[in-house]
Every structure is written in structure tokens, then in C-alpha cells.
Number of protein chains: 2
Amino acid sequence: MNPAPRAYQIVLQAIEEDLRKEKLSVGDQLPGERALAERHGISRASVRDAIRILDVMGIIRTSTGSGPNSGAVIISNPSAGISQALRLHLAAKGINVREIVESRILLETWAAQMNPRDPVYAQQVIDRTAVLIMRMDDPQLSREAFHRIDAEFHVLLASMAGNSVVESMMESLRNSISDYVSDSVPSDEAWQPVVRVLRRQHKAIHHAFATNQRERAAQLLEEHINWFYSQTR
Amino acid sequence: MNPAPRAYQIVLQAIEEDLRKEKLSVGDQLPGERALAERHGISRASVRDAIRILDVMGIIRTSTGSGPNSGAVIISNPSAGISQALRLHLAAKGINVREIVESRILLETWAAQMNPRDPVYAQQVIDRTAVLIMRMDDPQLSREAFHRIDAEFHVLLASMAGNSVVESMMESLRNSISDYVSDSVPSDEAWQPVVRVLRRQHKAIHHAFATNQRERAAQLLEEHINWFYSQTR
DNA sequence: TCGCATAGTATGGTCTGACCACACCCTGAA
DNA sequence: TTCAGGGTGTGGTCAGACCATACTATGCGA
């Protein structure tokens, strides 16, 4: 049955157990790699395997040096691991862009129609997205910067629903295709008319949210996403 | 900007590039770790970091020995990485069960209402789920086995929509809470009445699918999931 | 007493080289 | 022709070393 359990899984399971029991929580430091190795009776190399996994999964952040901010510190960045997974499987042709776009529409329209769990936070989101829209109006903005703010805009709106799983998946879907998006529009000349339409759509979406027309916001989001991806093929 | 790019990222990016260009695809073998180390001018330890990441992300499968089925072979298991990420973040309290259940309902009801991309496959799914329902009727079945078949049942139904992202997320959500599910119902005595209701619900859901009542299937699925999790608190 | 440069210490990151168990393969004997 | 045996290359694991870094403690000088 279990002929060869990997050595790093010993550490991984122990840490997962500690997380579950809240012996470890966000902000805490993990014991040093050498200490973990000795505690579990395995080599530091195997401990590093576990640490590396926690790192790419967005559970911890590692840094060199000593002191309270060094070493492996628990963070919570659920989108990191999911983004990486989606990105790699997109490269490996295990999934395709159509499916990602379809999923984005599903998640974003759901989040838009969802009753916000926290009305105060929802109002903050509406205010903050208004700022993002203004920043995207800057004609000096590079395309990379525009895409970055654009992503933030969408993730922020999705966060209103108060579901971090949906929010992380949203962010991951957006991240996983960011290269694709950047490569999609070949020239800056072709980009100019596109960005004008995007700005207009963003403002309409924001207006629908601000006036609490959630159905309409969802519909506009779907059109917005579909339109943009029709431009990139 | 880039003071310390990790050594393993060199290999990771190279492999991702090869996947994108289809120089590598499912079934291919990766070069040996020693060969990759020499090619990129880094140590085997760093190469192993990259290999390990691809492994946990479900991009490759590794095994010892020699020959065409040994070493690191490209597979495509998108749910592996996402499952692991969700599972760890669930342990780290970065996400909670409510959010996972909410997401499951979102994905499953969407998939249920979606027009199948492939009618032939949809019919196969309906036939195969019928078999699973029969197997779940076995009173000798252990709870672990029941949950396993139950998960297969739900993932299979979701796969009808023909969106592997949604399917992977479904499977990952299901996997990430499997421990939670197993621990939820304390005794086998309490489990018996629960499993009877689950069987009945599964049959109703299957009937709705088989008779193409997709709206109703979605509604039954939502009730089914909500009911089960109301039992586990 | 205070301020600050310096040595000390612990961290993760990387490398080297070694040994193991395993699975295929190839050769040669029956 | 068959098949038992060793050969070879694979990932898995280990041990030990060195590095750059970042905090900490020391102690000197003002």
C-alpha cells in the first residue's frame, strides 16, 4: 500500500497538522530547516522539499538572515498556488483559454449578483474601483500597467461577494493568462482603440455597481470579458 | 529589481517554455535531473526543486528506474495542484468550509445548467453515474468508499459541461474537504440515516439529468449539497 | 550615559559528491 | 528460443560544506 512515502511528506503533514490545530497561524515563524530536519529525523534536503512546496503554494514566505522577520513565515496567499497550477497547465495544454474565460465569466457574474456579505466593504470597493478607473484614464499609462490595474479592478469587484475561494480563483485565472493577454494585441497602434472601449466598459460596469443594478453589472461584465477576448484572437 | 532569482526558476521557466511551444507534451519524458543540471549550469539540488514543483502541481509524475516509463513524465492533472493549495489554505484558516461549499454549489449548478458541449459524452456520463449510484447502494460499503464514489459522481456530472477548469476546481474543492467530511459524522449509527437520504437525493438528481430537466437538476444539487453540510456542523 | 561601528550568529540558498532501491536492458547460458 | 543474471541509468535521500544576508550583541569612543 505505502511502499515509499516521500520523506518531505512527513514534514508537510506535520506542518499541516499544526496549522489545523492553530499551533501555527499567519505571522508565525516556522522552525529552522536544520531544526525540522533533526526533529523528524530526515535530512535538510528533504525538509527543503516541504518548505519549497509551502512556498509556491503561498503558505509561507522565506527569506535569509536572522531575526523575527527572517526564515519561513506563515502568510496566506491562496491565489499564488492556484495561479501557478493554472499557469503551468495552460502551458501544458491541459486547459485552454476558452475554458479560463468561461470560468472567469462564471465567477465574476456570480460575484456581481451576490448580495455583499459586508455592505460597508462593498461601498469601499466601489470607491476604490472609482480610483482605479481614473488611473486607467491616464494616457501615459503603459500597457503592462493598464493590465495590472485592470486585473485589480476585476478582482476587487469579485471580492465584494466575500468568498475568498472565488476571489482567489478569479485572481488566479487572471494571472494565469496575463502573458497571453500581453502578447495578444500585437502593436500599440491596434491597442489604442481597444483601450478606449475598455475604459468605457469599465465605467459602465462601475456605474451599474454604484447604483446597485447588480443584474445589469453582471451582464455588462460578461459582455466586457467576451468582447475583450474576441479582440485577442 | 531582480536581486536574487531563484535557481530553480531557470529550469521551471525553460520547461514551461517547452510546454508552451509543444516541444514537450503529455507522455513525454523530461531529461534526467543530472542532464538538466548540466544544461542550465546549476546543481542537481536546484533542478530537483523545479521537478518537485512540477510534481505537486500535477504536471509530471516521477518514478525511479530506467526505461520509457521511468523518470519524470509529463502528465496532466490540473486538480492535483489546486487541491493541494486549497487543502493547505483550508488548514491555515485562509479559507473556510462555508466558502468552499458556496463555491461548489456555484460550479456544480452552473455545470448542470450548461448545455453539454458533447451530447455523446453527456449520455456516457449519465450511464456511468447510474452505475455509481448502484455501487453506492451496497450496504457493505465503507464510509470512505462511499465518499470516494460520491465524489466521483459529482465530478463526473460537472464534467459534462466540458470545461476542465471548472472540473478541476470541482474536484479540488471536493478533495480539499475530504478529511473534514470524514470527520464530520461522528458515529456509524448517525451515519446510517444520512446515507439513506444521500442515496435518495443522488437518484433524484440523476433522474433529472436523464430526463434533461437541467434547471431541476441544478436545484436538487444545491439542496443536496446544502443539506449534507447542514448535517456536518 | 549615549551613539554607533563592528563582530557574532542564525537564517535560507546553493553546491558537491555520495549511496540506495528500483526498473528496464542486454547478454549469454541452457 | 527462453530466461536468468548482471549492467546501467533513474529518481530519492543523505551528509557536509560554503555563501550572502539580516538581525543581535558587544564594546569602543564621545
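When you check A:Leu157 against the structure, is it within 23 Å of B:Arg98 (Cα to Cα) and either at pLDDT 95 or above or assigned by TED's automatic domain parsing to the domain that holds A:Ala111 (or both), yes or no? So A:Leu157 fits the description; yes. Of the candidates A:Ser164, A:Ser159, A:Ser182, A:Ser168, the single residue that is out of contact with any His (no Cβ under 9 Å at 6 or more places or on another chain) and not charged (D, E, K, R) is A:Ser159. Listed by first and then second residue, the pairs linking a residue in region B:70-95 that is more than 7 Å from every other protein chain (Cβ to nearest Cβ) and surrounded by fewer than 24 Cβ atoms within 10 Å (Cβ to Cβ) to a residue that is among the acidic types (Asp, Glu) and part of a loop (DSSP other than H, G, I, E, B), with Cβ atoms under 9 Å apart and 6 or more places separating them unless they lie on different chains, are B:Val73/B:Asp28. Scanning region A:31-69 for residues that are surrounded by 15 or more Cβ atoms within 10 Å (Cβ to Cβ), near DNA strand D (Cβ under 9 Å from one of its atoms) and of a type in the set (A, V, I, L, M) gives A:Ala37, A:Ile42, A:Val47. Taking helices (runs of 4 or more DSSP H) as the structural unit, those lying wholly within region A:1-101 and holding at least 2 residues that are among the charged types (D, E, K, R) correspond to A:7-20, A:33-40, A:44-56. Only residues that are more than 16 Å from DNA strand C (Cβ to nearest atom) and open to solvent by less than 40 Å² (accessible area, probe 1.4 Å) were counted in region A:3-28, giving 2. Across region A:70-108, what is the number of residues that are within 11 Å of DNA strand C (Cβ to nearest atom), more than 28 Å from A:Gly162 (Cα to Cα) and not polar (S, T, N, Q)? Number satisfying all stated conditions: 2.
May I ask you to verify whether A:Leu173 is within 11 Å of the chain's Cα centre (by Cα) and assigned by TED's automatic domain parsing to the domain that holds A:Gln123? Judged against the criteria, A:Leu173 is a match.
Looking at region A:157-171, is at least one residue of a type in the set (D, E, K, R) and open to solvent by 60 Å² or more (accessible area, probe 1.4 Å)? The answer is yes, given that some residue of region A:157-171 is of a type in the set (D, E, K, R) and open to solvent by 60 Å² or more (accessible area, probe 1.4 Å). Number of residues in region B:163-176 that are over 11 Å from A:Ile95 (Cα atoms) and more than 8 Å from chain A (Cβ to nearest Cβ): the value is 6.
Residue-level check: of (1) modelled with pLDDT under 95; (2) on the phi < 0 side of the Ramachandran plot; (3) at the interface with chain A (Cβ under 8 Å from one of its Cβ atoms), B:Asp49 misses just (1).
Scanning region B:53-69 for residues that are within 13 Å of DNA strand C (Cβ to nearest atom), more than 14 Å from B:Glu16 (Cα to Cα) and either within 8 Å of chain A (Cβ to nearest Cβ) or of a type in the set (Lys, Arg) (or both) yields one hit, B:Arg61. Against the list (1) open to solvent by less than 60 Å² (accessible area, probe 1.4 Å); (2) out of contact with any Lys or Arg (no Cβ under 7 Å at 6 or more places or on another chain); (3) free of Cβ contacts under 8 Å to residues at least 60 places away in the same chain, the condition A:Asp118 fails is (1). Based on this model, can you work out whether B:Ser178 counts as open to solvent by less than 20 Å² (accessible area, probe 1.4 Å) and either under 20 Å from B:Glu222 (Cα atoms) or among the basic types (Lys, Arg) (or both)? In short, no.
Here the condition is being open to solvent by 40 Å² or more (accessible area, probe 1.4 Å) and either within 14 Å of chain B (Cβ to nearest Cβ) or among the hydrophobic types (A, V, I, L, M, F, W, C) (or both); of A:Leu132, A:Leu198, A:Leu141, it holds for A:Leu141 alone.
Tell me yes or no: at least one residue of region A:120-140 is part of a helix (DSSP H, G or I) and within 26 Å of B:Ala85 (Cα to Cα). Checking region A:120-140: not a single residue is part of a helix (DSSP H, G or I) and within 26 Å of B:Ala85 (Cα to Cα).
The values are calculated or read from the model by the stated rules, or taken from the named source; none is laboratory data. It should be emphasised that the depicted structure is a prediction, and the values quoted were computed from it without experimental measurement. Backbone-built Cβ (ideal geometry, glycine too); neighbour counts: all protein chains shown. What goes into the accessible areas is simple: the full protein's heavy atoms, side chains included, and nothing from ligands, DNA or RNA. Shrake-Rupley method; radii C 1.70, N 1.55, O 1.52, S 1.80 Å.
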